[in-house]
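Structure first, then comments.
The values are calculated or read from the model by the stated rules, or taken from the named source; none is laboratory data. Note that the structure is predicted; figures quoted are calculated from it, not measured. Counting neighbours? That spans all protein chains shown, and the Cβs are built from the backbone with ideal geometry, glycine included.
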Amino acid sequence: MTYLSARDIAEMSSEGRRRRLKELQEEMLQLRAQQSLGGSVSNPGSYKQVRRSIARLKTAMHAERKE
């Protein structure tokens with residue numbers, strides 16, 4: 001599951017957010033490697049979904065730190 005909604009992120013604990021961020025970053029690394037090797041991606045929109053989910057997580061983590 002690569003897509004995370006803002007609601008899902010809000011319900012997570014800070015530890016859960018960190019863990020999920022690591023998972024998404026690893027998935028992004030795999031997608032980049034697959035793309036650079038010239039292989040076809042099974043879901044072309046997955047790269048964009050992962051990238052946006054990472055941004056949502058980082059935004060929520062930053063907002064939590066500021067409070």
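When S14 is tested against (1) surrounded by 13 or more Cβ atoms within 10 Å (Cβ to Cβ); (2) touching a helix residue (DSSP H, G or I) at 6+ places or on another chain (Cβ under 7 Å), only condition (1) is not met. Contact map, segment 23-48: first residue among the polar types (S, T, N, Q), second residue modelled with pLDDT under 85 and surrounded by 11 or more Cβ atoms within 10 Å (Cβ to Cβ), Cβ cut-off under 7 Å, separation 6 or more or different chains; pairs are Q34/V41; Q35/V41; S46/T2. Residues that are in a loop (DSSP other than H, G, I, E, B) and touching a Ser or Thr at 6+ places or on another chain (Cβ under 6 Å) within segment 4-52 comprise just one, L4.
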